[in-house]
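> There's a structure below that I have some questions on.
The values are calculated or read from the model by the stated rules, or taken from the named source; none is laboratory data. Computed from a predicted model, the values in this text were never measured in an experiment. Here the Cβ positions follow ideal geometry from the backbone for every residue, glycine too, while neighbour counts run over all protein chains shown.
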Amino acid sequence: MSNTKFILGLFDDPDDMMQGIDNLQKNSIPIYDVYTPMPIHGIEAKMGVKDSRLGYAAFCFGCLGGTVIFSMIYYMLVHDWPMNVGGKPSFAIPNFVPFTFEWTILFTAFGMTITFFAATHLFPGRAPRVMDLRATDDRFVIAVSAKGNVPHEDITNLLKQAGAVEVKHNERKYVSYE
Amino acid sequence: MKTHNSFEERFEFTGKLKTFSLVAIVIGVLAIAFGFVFEGGEHIQRTYSNLLLMSYYFVCICIGGVFFSAYQYVSQSGWSAALLRVPQALAKVLPFASLILLIVVTAGLFQTHEIVGEDGKKELVPYLYAHWAAHGLTIMGSENYDAIIAGKSAFLSIPSFYALLIVLLGSYSFLGWSIAKNSNDEDTTGNMVNYKKNFKLSVIFLVLFGFTFPLFAFGVIMSLEAHWFSTMFGWYNLAAAHVMGVAMIALIIIYVRKKGYMGWLAVDHLHDLGKIIFGFSIFWTYVWFGQFFLTWYANIPEESAYFYIRWEPEFKWWFWVNITLNFLAPLLMLMSRDAKRLEVRMKWTCIVLIVGHWLDYYLMIMPGTVGPKGAGFGVEEIGVFVGFAGTFTYLVFTQLSKFTSLIPKKHPFLEESLHHHI
């Protein structure tokens, strides 16, 4: 029993990589993930990646921001310390609109960023985990889990057939920048 | 997915749509006749206001079409190449729409009626633009002399008013027509010459349009209440015209696709149009609110008079419906990604916006012309709307059927558009 955890197919051409995905899928070999230095058109559909739910998070954060600021200025300007500004009523809703608008956007933007960081395990100060460093530069990488029942030779051959320039048998999942 | 598209496809304007559009024109003519002849009196003013409303609306939708195709060329967009024939059809109708607006404005300016002023005096004023075009307003020493209007007479006088309308509408129409014509010629010649020409024309159009459209809105609509002014009025109208234009483009696309044309367009194209409609509805609200908010906050009598009259019981209800239709409806109906990809949802949002911006114009025009007492919603409003809808349908689909093909088949970015995927 080998200690190989992941088999990585490294391609220097995105079309070859797409061919590689096809080869694996035709043979019912599950793909762990694909890493590319740039967005590849149509890859989500091919890989069956679900639509992002970030929009729902954005909507919730927006509602939260609007509610927070609206209650805040209501408390400050209407309840706690009403002031006479130009003879306007204290609870003058048009006044509240610009604040509410800005805070809705602020909460949406920050909330989306934080949600995205949380979902992708990216935080400032945390060394990003990558499976192959060149996936951020000039290699298109298909990662296949080596724990399945498919012989490693077959996976290697399928990747090579599609035009992989290199096939790695890694014993560790991640190489880190550390 | 259909993979075989005929790029030789031409639109045939026949059948029910043609019959309905002709019937609608007849209904419109009957409604105008009803307002002018049978009802008479106060209703003449109301009919004029409706004619101005609809002809301005008609011009703005067509300008929206020119604007859309112009910024697609300037941004060198690929996604829209396959649907450009629709905005170009709107662009080709602009000369006709401009002519109708000029006729309405001329009739309204030169036909006068007698009114009893607030001081009980009787005076003769034109039906449209009475606030600045009535006799003697700018003549020093006249009993009608109005210093504010006299100060604005360099802009608000009949010669400069006509010069403005003719120069602006003429140049918009000419540029729109040329863009559509070059694109149509491209189908036969097939090299880059026409594309480059259109790029230049579009740049010229956008510069001219950006600076002058506010003047056009100031002249045609804002001057109905000539004592009041708002520098945001032009952008507010520009946003409205753009939303209406794109909503109309989307609606026409949905219709012609239902009839089996333009099979190369996918739900992705609709999605992009939906994003523009959504975004610019928000922009419209932003400018609308900006104008309202500053007036409300400053609370200067000469400025707030504009909103005071729109807050009368006859208009207050419409005031709120206006925001509901033009802001809340697109906001809630088109917010999610999936919503923009549903044809039915897009169709209804476009219809809501087209009705909503009619109401927007209604609130810009009616309080200043007929006032709260004379305003209403009845035969004139519906009839004139139907008449103009018929004219619009007839002219636009006639122009659409005149293109050599429903797709600019030699457009340099056509492949990108055919494979548009988001």
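> Would you be able to tell me the number of residues in the stretch B:202-221 that are in a helix (DSSP H, G or I) and touching a residue at least 60 places away in the same chain (Cβ under 8 Å)?
Residues meeting the conditions: 9.
> Just to check your reading of the model, which residue among A:100, A:67 is of a type in the set (S, T, N, Q), away from chain B (no Cβ under 14 Å) and either surrounded by 14 or more Cβ atoms within 10 Å (Cβ to Cβ) or not in a loop (DSSP other than H, G, I, E, B) (or both)?
Answer to the check: A:67.
> Now for a different question. For residue B:51, are the conditions met, namely being hydrophobic (A, V, I, L, M, F, W, C) and within 28 Å of residue B:381 (Cα to Cα)? Reasoning before the result, please.
On the way: hydrophobic (A, V, I, L, M, F, W, C): yes; within 28 Å of residue B:381 (Cα to Cα): yes.
Answer is yes for this residue.
> Is there any pair linking a residue in the stretch A:89-104 that is touching a residue at least 12 places away in the same chain (Cβ under 8 Å) to one that is of a type outside the set (A, V, I, L, M, F, W, C), with Cβ under 6 Å and at least six apart or on different chains, and which?
Every condition considered, the pairs that remain are A:90/A:82; A:100/A:66; A:103/A:65; A:104/A:62; A:104/A:65; A:104/A:66.
> Quick one: is residue B:269 more than 20 Å from the chain's Cα centre (by Cα) and in a loop (DSSP other than H, G, I, E, B)?
It is false that residue B:269 is more than 20 Å from the chain's Cα centre (by Cα) and in a loop (DSSP other than H, G, I, E, B).
> Here's another thing I want to ask about it. Can you find a residue in the stretch B:41-57 that is more than 22 Å from residue B:238 (Cβ to Cβ) and not in a helix (DSSP H, G or I)?
yes
> Give the residue, chosen from B:358, B:348, that is farther than 28 Å from residue B:12 by Cβ, assigned to a helix (DSSP H, G or I) and in contact (Cβ under 8 Å) with a residue 12 or more places away in the chain.
B:358
> Which numbered condition in (1) farther than 30 Å from residue A:23 by Cβ; (2) among the basic types (Lys, Arg); (3) surrounded by 12 or more Cβ atoms within 10 Å (Cβ to Cβ) is the only one that residue A:126 fails?
Tallying (1) farther than 30 Å from residue A:23 by Cβ; (2) among the basic types (Lys, Arg); (3) surrounded by 12 or more Cβ atoms within 10 Å (Cβ to Cβ), residue A:126 fails exactly one: (3).
> Sticking with this one: Condition first: in contact with a Phe, Trp or Tyr (Cβ under 7 Å, 6 or more places away or on another chain), within 14 Å of chain B (Cβ to nearest Cβ), closer than 25 Å to residue B:290 by Cα and surrounded by 14 or more Cβ atoms within 10 Å (Cβ to Cβ). Can you find one or more residues in the stretch A:72-92 that meet it?
No, the stretch A:72-92 contains no residue that is in contact with a Phe, Trp or Tyr (Cβ under 7 Å, 6 or more places away or on another chain), within 14 Å of chain B (Cβ to nearest Cβ), closer than 25 Å to residue B:290 by Cα and surrounded by 14 or more Cβ atoms within 10 Å (Cβ to Cβ).
> Can you name every residue in the stretch B:271-300 that is modelled with pLDDT of 95 or more, over 23 Å from residue B:358 (Cβ atoms) and out of contact with any Lys or Arg (no Cβ under 6 Å at 6 or more places or on another chain)?
Listed by number, the residues that qualify are B:272, B:275.
> Which residue is surrounded by the most Cβ atoms within 10 Å (Cβ to Cβ), if the candidates are limited to the stretch B:78-136 and must be hydroxyl-bearing (Ser, Thr, Tyr) and closer than 30 Å to residue B:403 by Cα?
Restricting to residues being hydroxyl-bearing (Ser, Thr, Tyr) and closer than 30 Å to residue B:403 by Cα, the top hit is B:80.
> Let me ask you something else. With respect to residue B:235, is the statement that it is touching a residue at least 60 places away in the same chain (Cβ under 8 Å), away from chain A (no Cβ under 14 Å), closer than 30 Å to residue A:95 by Cβ and surrounded by fewer than 22 Cβ atoms within 10 Å (Cβ to Cβ) true?
So residue B:235 does not fit the description; no.
> Could you please find all residues in the stretch B:276-309 being closer than 18 Å to residue B:324 by Cα and of a type in the set (A, V, I, L, M)?
Listed by number, the residues that qualify are B:277, B:282, B:287.
> Which of the residues that make up the stretch B:293-304 are within 9 Å of another protein chain (Cβ to nearest Cβ) and in a loop (DSSP other than H, G, I, E, B)?
Of everything in the stretch B:293-304, just one residue is within 9 Å of another protein chain (Cβ to nearest Cβ) and in a loop (DSSP other than H, G, I, E, B), namely B:299.
> Going through B:319, B:278, B:307 one at a time, which residue ends up being among the hydrophobic types (A, V, I, L, M, F, W, C), within 14 Å of chain A (Cβ to nearest Cβ), at negative phi and in contact (Cβ under 8 Å) with a residue 60 or more places away in the chain? Lay out the reasoning, then the answer.
On the way: B:319 fails: in contact (Cβ under 8 Å) with a residue 60 or more places away in the chain; B:307 fails: in contact (Cβ under 8 Å) with a residue 60 or more places away in the chain.
Answer to the selection: B:278.
Condition check ((1) within 14 Å of chain B (Cβ to nearest Cβ); (2) more than 30 Å from residue A:82 (Cα to Cα); (3) surrounded by fewer than 13 Cβ atoms within 10 Å (Cβ to Cβ); (4) in contact with a helix residue (DSSP H, G or I) (Cβ under 8 Å, 6 or more places away or on another chain)) across all residues:
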site	(1), (2), (3), (4)
A:96	yes, no, no, yes
A:107	no, no, no, yes
A:116	no, yes, no, yes
A:131	no, yes, no, no
A:135	no, yes, no, no
A:147	no, yes, yes, no
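> In the stretch A:37-58, which residue that is more than 14 Å from every other protein chain (Cβ to nearest Cβ) and over 13 Å from the mean Cα position of the chain (by Cα) is farthest from residue B:422 (Cα to Cα)?
Per the stated criteria, the residue is A:37.
> Step by step: first the residues of the stretch A:6-31, then only those that are surrounded by fewer than 16 Cβ atoms within 10 Å (Cβ to Cβ) and assigned to a loop (DSSP other than H, G, I, E, B), then the one that is nearest to the other protein chains (Cβ to nearest Cβ). Which residue is that?
So the residue we want is A:13.
> Further, regarding this structure: State whether the residues of the stretch B:111-121 include one that is out of contact with any His (no Cβ under 9 Å at 6 or more places or on another chain) and at positive phi.
Yes, there is a match, as at least one residue in the stretch B:111-121 is out of contact with any His (no Cβ under 9 Å at 6 or more places or on another chain) and at positive phi.
> Being in contact (Cβ under 8 Å) with a residue 40 or more places away in the chain and either touching a Pro at 6+ places or on another chain (Cβ under 7 Å) or under 17 Å from residue B:162 (Cα atoms) (or both) is the filter here; which residues of the stretch B:112-129 pass it?
Residues satisfying the conditions are B:127, B:128, B:129.
> When you check residue B:334 against the structure, is it touching a Lys or Arg at 6+ places or on another chain (Cβ under 9 Å), within 14 Å of chain A (Cβ to nearest Cβ) and not hydroxyl-bearing (Ser, Thr, Tyr), yes or no?
Yes, satisfied.
> Out of B:340, B:316, which single residue is buried (at least 21 other Cβ atoms within 10 Å of the Cβ) and more than 21 Å from the chain's Cα centre (by Cα)?
Testing whether each residue is buried (at least 21 other Cβ atoms within 10 Å of the Cβ) and more than 21 Å from the chain's Cα centre (by Cα) leaves just B:340.
> So the check is Cβ under 6 Å with 6+ separation or different chains; which pairs have a first residue in the stretch A:109-128 that's assigned to a helix (DSSP H, G or I) and a second one that's modelled with pLDDT under 90?
A:117/A:123
> Kindly indicate whether any position in the stretch A:164-178 is assigned to a helix (DSSP H, G or I) and loosely packed, with under 12 Cβ neighbours inside 10 Å.
No: zero hits.
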